[in-house]
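Just below is one structure, and these are the notes that go with it.
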There are 4 protein chains.
Amino acid sequence: MKKIGIICKIGIPEPAEILKGLLPWLRQKGYETYVDMETTSILNMEGFPRSQIPSLSDVIVVLGGDGTILSVCRLVGDKGVPILGVNIGGLGFITEVQTERLYEVMENVLSGECPVEERLMLTAHVLRHGEPIAEYVVLNDVVVNKGALARIIDLETYINKTYVTTFRADGLIISTPTGSTAYSLSAGGPILHPTLDNIVLTPICSHTLTNRPIVLPDDVLIEVVLRSQTEPVYLTLDGQVGFSLRQDDVIEVVKAPFKTKLLIPCERDYFQILRTKLKWGER
Amino acid sequence: MKKIGIICKIGIPEPAEILKGLLPWLRQKGYETYVDMETTSILNMEGFPRSQIPSLSDVIVVLGGDGTILSVCRLVGDKGVPILGVNIGGLGFITEVQTERLYEVMENVLSGECPVEERLMLTAHVLRHGEPIAEYVVLNDVVVNKGALARIIDLETYINKTYVTTFRADGLIISTPTGSTAYSLSAGGPILHPTLDNIVLTPICSHTLTNRPIVLPDDVLIEVVLRSQTEPVYLTLDGQVGFSLRQDDVIEVVKAPFKTKLLIPCERDYFQILRTKLKWGER
Amino acid sequence: MKKIGIICKIGIPEPAEILKGLLPWLRQKGYETYVDMETTSILNMEGFPRSQIPSLSDVIVVLGGDGTILSVCRLVGDKGVPILGVNIGGLGFITEVQTERLYEVMENVLSGECPVEERLMLTAHVLRHGEPIAEYVVLNDVVVNKGALARIIDLETYINKTYVTTFRADGLIISTPTGSTAYSLSAGGPILHPTLDNIVLTPICSHTLTNRPIVLPDDVLIEVVLRSQTEPVYLTLDGQVGFSLRQDDVIEVVKAPFKTKLLIPCERDYFQILRTKLKWGER
Amino acid sequence: MKKIGIICKIGIPEPAEILKGLLPWLRQKGYETYVDMETTSILNMEGFPRSQIPSLSDVIVVLGGDGTILSVCRLVGDKGVPILGVNIGGLGFITEVQTERLYEVMENVLSGECPVEERLMLTAHVLRHGEPIAEYVVLNDVVVNKGALARIIDLETYINKTYVTTFRADGLIISTPTGSTAYSLSAGGPILHPTLDNIVLTPICSHTLTNRPIVLPDDVLIEVVLRSQTEPVYLTLDGQVGFSLRQDDVIEVVKAPFKTKLLIPCERDYFQILRTKLKWGER
């Protein structure tokens, strides 16, 4: 492991500040660094396009928040490069390393002591008139969501070609275990331990009060057919990319053929993160 | 009570069919009828603009669903004309009369035996840079809702000028008792008996898991300030009218100075409607 | 207002410590004090039975927690004596005064500046074979709850003699607004502003997933009939007194003919208490 | 497969009626039958103690409801005998065969066409002062539940010796996927597909509103320590067996070393059962 890719959140000053110390520290130890162009332009250094960094790197360090690391996980896709998430300004569910401990954890990463946690990803295809028109890979969730002005939508749902139900709701979240503490939790979904091989379906503001979140195995084919004429209805992927759906569009979701490899601080405690982020104190 | 206004749902054939029997029946009894133009054009009769019908009528019969009656209630506004809702094709929460019983209930209405139930309405103002730019009256709910592609929004909320909380959520529903069985219920809100003088605040997919629905007295001033830059964010009124909000817009909600007067079938049983509509059977 | 009753939580040392300062302070100002015997025995003073203190006092100061003040409110009943709740060791939903501010708030109480907030109470009767066998008054809630080993119970429920539904559940909470932030909240009920005149029915672990909390006006007669043979099933009142129910027992609940008068610190902010107690922070 | 065990629900007449046809039908085809003594005594036949039937049988037919089959699954334990559940008078989540289809499904069972579905079971140990004092095996759930008169309890919970949280609640449900549609669902838990290898922790009426259900892998050691002095607190197993817990008792739960083998009707549709039992219709 000689080549260290570094991708940073844009629009905040902290990553550049951190790099002023981190880059010399890495180079002195003999590592090559590949930093994204948006960040190096601030530092007056040469940088690399984000899209090339996964191919150039043995490991990628992300300086940002959960949004930044989600985009990097999609960028890495099937390349299998392990990712270390360093949270700027707090503690994230995915970017678990706090900046105070950056050098300590980097030592473990470079010496190979840092364990890798494999996280399930999902592949989503949109089919229109039976033809695939879009494909996405996500680490958190695939969300079908009506626009604010649209009426309630009907989402006819199949698992392995068997009819499940027609969700009458504001939308539907198809979430990985990693995504279970994101939007799915706000919509009433359960917490799934991040290493699980499960997919959870969580309806958003279901009109049918008995439609509860359903946890499934990861080897299923999920098909959601948009049955309503109401518009607009959107597909969002990890909360970031959007796609406008039409009546009778089919969203097919299966697990991705590869997993995200997250580097985990040695003594990390997942439940401690849950307690802190969800404020599990006395009432 | 001599003048009967009639307003129908558009785009379905049933109201015109019903009117073929109802209009002669009413005229034979000596009542004047004022039917909306959209419906009379199908019947080759002279009709009246919807907006004029409240001023022309002693009572208004609505043939449609909950959406139709909501629009009529807003149309009637402060004119105090009692409204009878006849549900086409089922049972509604507000349009409680089923078509099979139309003539029976009409007899009671005309003889003055039908009780009137007064329902709380809300007035909403939108203020931009401190200036009022829009005003609405609703029977069900005032909803602030992010667009499908927007991120979570911050809604700084005050009751009688006292800070309550900043909801971090997909949105916020400010509902009357009548509206408590509509969108608010899907978002996790309680059922309020429709004659209550209460307002309920129900967050939509709250990021803060402890933010529960709050029931308030009806004599409060509710102010919601949109604190997020994310766009689009919409105001919807009774699920039907939309308004695009900007950062720092203030939505002020108070009870309306008038109430909707609903004519209620004599032996109507509200809890029976709840049981039927919400499928309260054995599990 | 010359006579100050004082009732303290038993089994903790703080109240006696506070009284060592408070009693001389009050007497020096010319007030008579009536302290409960359990507390005065520690101080080697003469005391009074708790049950007599309401009749002896113009105002009662409670040093304890929400449990202590609930019992004092029931003790005061229809005597109309205003109560000041001082929370030992924290902040309570009902005992809103923190010990640091005791003297400051007492000054306001004694000068008559402290506003009184009237809180709805409930009266519950148990009828067996049509005969009343028990009567209770509560400030928080009347709860029917199956024992841990009993099976799910059927609670046939009527409002003003009209059938509502048969809750199939672990139990049912009939709560005042004051009680809405206690057990009802844990069971999924809404928060009711404490000054409201409403009663809320919240089922506990309902088998019927559509059975949501219902908010009612305060002028209703609620009747709950225990239809299951399973045993044991208990009635609990403000979480403290218990009564074993039998099949076909009827629990009748109406608002009490008197209200609890709580003395409220002048600049008290109810929503601030909600935020603190419910941990309404950023997620 | 020659030996057919039959175990029936006690106290209802239907099983004996069914056996009058089923037993001759089986014997004519050359099968040996082993029927429980409680049922044969009604039929004036010789029967067998329930506890012996698993050792005598190649397959066990259960005539009853979900409660009956749960007890048979615990009786079979590690003996690996497949079980067919026939629901008397309806449709159960576990007893999936309706009596109308009994002979059709029995043909499939006897010809070996009926697929076997393996269901995760849990083993629970209670430790007092570090010594095991009780052991149970369950198919649905292990529940710690306070008695109706006890106060809220503190359940200190560990996964694989790592502290998770201290649930302050009425209790805690540790459920299998099979049990996810039983008590856990009433307490707000998610639906888990029954073939999953997961365990779900669902708090009952949690005082801490952010304590959500957590889905875990099945290879964990769950330890729950009862930290409260309040009494009584009970352990219930599949809703049927009870055990009184004391302060500092530890409940250890792991997956059982064997699974229940359920015989599933060939064309069975799990989601159809969900839709029917949970009333997933249009709202």
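The values are calculated or read from the model by the stated rules, or taken from the named source; none is laboratory data. Nothing here was measured: the structure is a model prediction, and the numbers come from that model. For neighbour counting, all protein chains shown are included, and Cβ atoms are generated from backbone atoms with ideal geometry for every residue, glycine included. In case anyone asks, the SASA skips ligands and DNA or RNA and just uses the protein heavy atoms, side chains included. Shrake-Rupley method; radii C 1.70, N 1.55, O 1.52, S 1.80 Å.
Counting lysine pairs in chain B that sit 8 or more residues apart in sequence, or on different chains, and whose Cα atoms lie under 22 Å apart gives 18. Sparsely packed loop sites in segment A:115-158 (the trypsin sites (Lys or Arg not before Pro) outside DSSP H, G, I, E and B with at most 15 other Cβ atoms within 10 Å) comprise A:151. Over 27 Å, how big is the tail of the calculated P(r) for chain D, in percent of all Cα pairs? Above the 27 Å cut-off, chain D has 43 percent of its Cα pairs.
Counting only Cβ charges, +1 for Lys and Arg and -1 for Asp and Glu, the dipole size of the protein assembly as shown around its Cα centre is about 0 debye.
In the context of the full set of protein chains, the protein assembly as shown has a per residue accessible area of 36 Å² (1.4 Å probe). Each Lys and Arg contributes +1 and each Asp and Glu -1, all at the Cβ; summed about the Cα centre of segment D:94-159, the dipole is approximately 500 debye. Reducing segment B:118-132 and segment A:134-195 to their Cα centroids gives an inter-centroid distance of 34 Å.
Chain D residue nearest the axis that carries D onto A, by Cβ, with distance in whole Å, is D:190, 2.
Based on the Stokes-Einstein relation at 4 °C and a viscosity of 1.567 mPa s, and on the Kirkwood radius from alpha carbon pairs, segment A:122-255 is assigned a translational diffusion coefficient of 90 µm²/s. With the label put 7 angstrom out from Cα along the Cα-to-Cβ vector, residue B:267 ends up 4.5, 6.1, 7.5 nm from the copy partners, going from closest to farthest. For chain B, the Cβ-based charge dipole about the Cα centre amounts to some 300 debye (Lys, Arg positive; Asp, Glu negative; other atoms uncharged).
Element breakdown for chain A at a 1.4 angstrom probe: carbon and sulfur atoms account for 48% of the accessible area. Assign one of three labels to segment D:39-90, namely rounded, prolate or oblate, based on the Cα gyration tensor with a ≥ b ≥ c the square roots of its eigenvalues; rounded applies when a/c is under 1.5, prolate when it is not and a/b is larger than b/c, and oblate otherwise. Cα axes put segment D:39-90 in the oblate bin.
Averaged over peptide B:135-145, the number of partner chain Cβ atoms lying within 10 Å of each residue's Cβ comes to 1. Relative contact order for chain C: 19 percent, from Cα pairs under 8 Å spaced at least 6 residues apart, divided by residue count.
Distances between copies of residue D:29, taken at a point 7 Å out from Cα along the Cα→Cβ vector and listed shortest first: 6.7, 6.9, 8.9 nm. Which shape class, rounded, prolate or oblate, goes with the protein assembly as shown when its Cα gyration tensor gives a ≥ b ≥ c as root eigenvalues, a/c under 1.5 marks rounded, and past that a/b bigger than b/c marks prolate? It is rounded, given that a/c, with a ≥ b ≥ c, falls under 1.5. Return, ordered by residue number, the residues of segment B:1-31 whose backbone nitrogen is under 14 Å from a label point located 7 Å along Cα→Cβ of residue A:151. Taking a point 7 Å out along Cα→Cβ of residue A:151, the residues of segment B:1-31 whose backbone N falls under 14 Å are B:9-13. Distance between the 7 Å Cα→Cβ label points at residue A:229 and residue A:277: 4.2 nm. Close amide H partners of residue C:61, meaning residues 5 or more places away or on another chain with modelled amide H under 5 Å apart, are C:5, C:6, C:7, C:84. For the pair C and D, the buried accessible area comes to roughly 1600 Å² in total, with a 1.4 Å probe and the value rounded to the nearest 100.
Calculated mean residue ellipticity, 222 nm, chain D: -5500 deg cm²/dmol, from DSSP H runs (n ≥ 4) at -39500 (n - 2.57) each, averaged per residue and rounded to 500. Along segment A:233-244 the Karplus relation, 6.51 cos²θ - 1.76 cosθ + 1.60 evaluated at θ = phi - 60°, assigns HN-Hα couplings of 10, 10, 9, 10, 10, 6, x, 10, 9, x, 8, 8 Hz to successive residues, with x for each Gly and Pro. Just so you know, the averaged projected area of the alpha carbon convex hull for segment D:1-115 sits at 6.4 nm².
Based on C-alpha pairs under 8 angstrom that are at least 6 apart in sequence, segment D:122-255 has a relative contact order of 32 percent. Seen from residue B:134, the other residues with C-beta closer than 13 Å to its C-beta sum to a net charge of -2, counting Lys and Arg as +1 and Asp and Glu as -1. Each residue of segment A:221-231 was assigned a 3J(HN,Hα) from its phi angle through the Karplus curve 6.51 cos²θ - 1.76 cosθ + 1.60 (θ = phi - 60°); the sequence is 9, 9, 10, 10, 10, 7, 9, 9, 7, 4, 9 Hz, with glycine and proline shown as x. Annotation for segment C:7-84: GluC sites (Glu not before Pro) lying in DSSP loop with at most 15 further Cβ atoms inside 10 Å of their Cβ are C:46.
Looking at chain C as a GNM with Cα springs under 10 Å, which of C:206, C:111, C:57 has the largest mean-square fluctuation? Residue with maximal mean-square fluctuation among C:206, C:111, C:57: C:111. Add +1 for every Lys or Arg and -1 for every Asp or Glu among the other residues with Cβ under 9 Å from the Cβ of residue D:121, and state the total. So the environment of residue D:121 carries a net charge of +4.
Residue by residue along C:214-221, Cβ atoms of other protein chains within 10 Å of the local Cβ number 4 on average.
To the nearest 0.05, what FRET efficiency results for residue D:219 and residue C:268 with a Förster distance of 60 Å applied to their C-beta separation? E(calc), rounded to 0.05, equals 0.70.
Using a simple spin-label model with pseudo-atoms 7 Å out from Cα toward Cβ, residue D:129 and residue D:116 lie 4.4 nm apart. With K and R counted +1 and D and E -1, the other residues having a Cβ less than 14 Å from that of residue A:46 yield a net charge of -2. Just counting partner chain Cβ atoms within 10 Å, what average do the residues of peptide C:270-277 show around their Cβ? Other-chain Cβ atoms within 10 Å of each residue's Cβ, averaged: 3. Screening chain B for DSSP H helices whose Cα atoms reach 18 Å or more along their own axis and whose mean Kyte hydropathy is at least -1.0 gives B:14-28.
Label point of residue D:78 (7 Å along Cα→beta-carbon): distances to the other copies' equivalent points are 4.5, 6.8, 8.1 nm, sorted ascending.
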